[in-house]
Amino acid sequence: MNHFKRSVAGQVLLLVSSLACAQNSLDNPDWVEEKEPPAPAFSVTKVLPLEMPNFVTVKVGIDPNTIYVGNDGIVRYVAVMTNSTGTSNAVYEGIRCLTGEVKTYARAGSSGTWSPVANPVWRDLLDNMGSQHPRMFARQAACYARVVVSKPDIIKALQTGTKPANQKNDNPV
């Protein structure tokens, strides 16, 4: 009888752990990225600034009119980088808060004309990329504990310099 109880207990434990894993959306085999909207028009003068590390020499801001929170859990936006001479470039990107990843869909030079990225791929926000702005945007406004924040909350966080409600400073994203 003791062997029977251990066998049942083991099966119950296996079932419970299987159900827990099934609820983890990181393992969701049905997740599909929505087709990204076309790169939106953007303003270089109406951006909300990001707080960047001291070593970053360009000013980086997010155009609030370009922020789009999709049903797929991706925050899409345009980041505008302006150097000391006043020349601006922009990138149209998406952040998947749940996985801590970023994808660049298009780039625009000083002319403002978009050039789509040929094969956009998801990259880890913590990778040593040429630019820190996706990680800073995620930490300062777009993500709360790897959960997408609403567009109004993102804009409020950028305007006030305060993180979305209840966000802790130790958020790795």
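None of the figures in this text is laboratory data; all of them are computed from the coordinates on show. All figures in this text were calculated on a predicted structure; none of them were measured in a lab.
Overview of values
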{"read-out": "Alpha-carbon centroids, region 94-163 and region 56-89: separation in whole Å", "value": "8 Å"}
{"read-out": "Gyration tensor (Cα) of region 82-135, equivalent ellipsoid semi-axes in angstrom", "value": "22, 14, 8"}
{"read-out": "Whole-number Å³ per residue for the convex hull built on Cα positions in region 48-160", "value": "108 Å³"}
